[in-house]
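Take this structure first; my questions come after.
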Amino acid sequence: MMKKWVIRVGAVLLFVAVFGVNPWATSNRGKDVLSYAHTELETGVYRAGNGIMVVKALTRMPNVEPEMVRWWFADYMQTTEHYQRWYPTQHLWMDWENKLPGEHIGASHLVDEYIGDTMNKLRIQFVNPSEILTGYEETDDRFVICARGGLREELINANKMCHIVTKTEYGSEMRSVFWMGYIETRDPDNQNYTVLSIQSLLGNTAIVRALTFDKHSALALMDHAIGEMNILAGFLPELYETETNH
C-alpha cells in the first residue's frame, strides 16, 4: 500500500516538475495589472507556478497624458529615427507590418534592439487588450496597449506584454508587465494567427520555460523597459505639443 502511495506521489511530483502547477490555465492577468491601487510588486521579476517568468516595471511620467502615449504608438512613431530617439543606445532599427494610420491593434512592430547585451530581431504584434487581460474595459483615464512578442526571423512568439498608462495628479504612470514563456508558432501564411506545433507543446512546459527564460534575462528586460519608458516620458510632452499644436 505504501509503495503505491509513493509511486503516485512521485508521479505527481514529476508532472509538476515538467509541466508546472496548472500549466494550461489562463490566469486572470487583469486582476492586478488593471488595479488602480499599487500592488505588492510593481517593479521586479518572479517565476509563476507554471514556469512563466513575470517581469514588472513601474514608470512615473510627469506631464504625460495617456493620450500622448497612444499617439506615440499609433500616430507618430514611423521611422528608425523616431525609434532611436526613444532609446538611443538600445534601439537600432524599426519598420511596421499591417500598420494603418492612427491604429496599432493588428499591426506588428518589427525592431532590432538590444536587451541587455543581446541584440534581438523582434516582431511585436499588437492585439486587443481583452485578448490578454481578463476583465479589460476601455476607460477615459488610461490607455492600455498589449502585444504578443516573438522572433522576427523564426515563426515563434515567446511572450505576452502590456503597458497600462493611467492618469495621475502629476501626469501619468505606466505599469509594464511581460509574461516570458508563452510559446506560440505563427502561421506562415498569416503571421497574426498561430498553429499547433511540437515547439509550442514542449515549449509551454515548466521545465523548458525554466531552462529558456531565466532571472538574468528577465532582469535585463525589466531594465530595458525602465530605461526606454523613462526616456519617452522625458521628451514626449514637448514633442506632442509641437507636433499636434496642443
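Work out which GluC sites (Glu not before Pro) in the chain are exposed loop sites (DSSP not H, G, I, E or B, at most 12 other Cβ within 10 Å) and give the longest gap free of them. The partial results should precede the final answer.
Values: sites that count: 40, 137, 138, 153, 169.
After excluding every exposed loop site, the longest remaining stretch is 41-136.
Note the direction-averaged projected area, equal to a quarter of the hull surface, for the Cα convex hull of the range 148-245, in nm². Numbers along the way, then the final one.
Values: hull surface 35.6 nm².
For the Cα atoms of the range 148-245, the hull's average projected area reads 8.9 nm².
Specify whether the C-alpha gyration tensor of the range 60-111 places it in the rounded, prolate or oblate class, a ≥ b ≥ c being the square roots of the eigenvalues: rounded for a/c under 1.5, otherwise prolate if a/b is larger than b/c and oblate if not. Mind dumping the intermediate values first?
Working: a/c = 2.37, a/b = 1.09, b/c = 2.17.
Oblate.
By the scheme Lys and Arg +1, Asp and Glu -1, what is the net charge of all other residues having a beta-carbon under 12 Å from that of residue 80?
On the way: positive: 85; negative: 81, 95, 112, 113.
Neighbourhood net charge equals -3.
Right, something else. If you plug each phi of the range 217-222 into the Karplus form 6.51 cos²θ - 1.76 cosθ + 1.60 with θ = phi - 60°, what whole-Hz ³J(HN,Hα) values come out, in order, with x for Gly and Pro?
With coefficients 6.51, -1.76 and 1.60, one gets 5, 5, 5, 5, 5, 4 Hz.
Could I ask something else about it? Quick check for the chain: number of Lys pairs with alpha-carbon distance under 27 Å, counting only pairs 8 or more apart or on different chains?
Here the count comes out as 14.
Amide H neighbours of residue 115 under 5 Å, at least 5 residues apart or on other chains, H built in the peptide plane: list them.
120
Follow-up question, since we're still on this one. Over all directions, average the projected area of the Cα convex hull of the chain and note it in nm².
Numbers: hull surface 60.4 nm².
Its average projected convex-hull area is 15.1 nm².
How many angstrom separate the Cα center of the range 178-237 from the Cα center of the range 80-146?
12 Å
In deg cm²/dmol, rounded to 500, what helix-only [θ] at 222 nm does the chain give when every DSSP H run of at least 4 residues adds -39500 (n - 2.57) and the total is split over its residues? Before the final figure, lay out the partial values.
Values: 7 runs with 78 residues, N = 246.
Value at 222 nm, helices only: -9500 deg cm²/dmol.
If you don't mind, another one. For residue 64, list long-range residues whose amide hydrogen, built 1.01 Å from N in the peptide plane, is under 5 Å from its own amide hydrogen.
172
What residues qualify as long-range amide H neighbours of residue 50, i.e. H under 5 Å apart, gap of 5 or more or another chain, H built at 1.01 Å from N?
Placed amide hydrogens put 21 under 5 Å from residue 50.
On a 1.4 Å probe surface of the protein chains, which of 167, 99 comes out largest in accessible area, and what is the full order? Walk me through the numbers on the way to the answer.
Working: 167 100, 99 45 Å².
Sorted descending by solvent-accessible area, the residues read 167, 99.
Mind listing the phi-derived Karplus ³J(HN,Hα) values for the range 157-168, rounded to whole Hz, using 6.51, -1.76 and 1.60 with θ = phi - 60°, and x for any glycine or proline?
Whole-Hz 3J(HN,Hα) from phi for the range 157-168: 9, 10, 7, 10, 8, 9, 10, 10, 9, 10, 5, 10.
Still on this structure, please answer the following. What is the sum of charges around residue 141, taking Lys and Arg as +1, Asp and Glu as -1, for the other residues whose C-beta is under 11 Å from the C-beta of residue 141? Could you put the intermediate results ahead of the total?
Details: positive: 142, 167; negative: 65, 67, 138, 140.
Its environment carries a net charge of -2.
Normalized C-alpha radius of gyration of the range 205-246, against 2.2 N^0.38 Å? Before the final figure, lay out each step's value.
Numbers: Rg = 17.5 Å, N = 42, 2.2 N^0.38 = 9.1 Å.
For the range 205-246, the normalised Cα radius of gyration comes out at 1.92.
Tell me the angle of helix 2-19 to the major Cα principal axis of the chain, expressed in degrees between 0 and 90 and rounded to the nearest ten.
With both axes taken from Cα atoms, the answer is about 20 degrees.
The values are calculated or read from the model by the stated rules, or taken from the named source; none is laboratory data. What you see is a predicted model, and the numbers here were worked out from it, not measured in a lab. Every residue, glycine as well, gets a Cβ built from its backbone with ideal geometry; the counts of neighbours run over all protein chains shown. The protein model used for the area step is the full one, side chains on, heavy atoms only, and it has no ligands, DNA or RNA in it. Shrake-Rupley method; radii C 1.70, N 1.55, O 1.52, S 1.80 Å.
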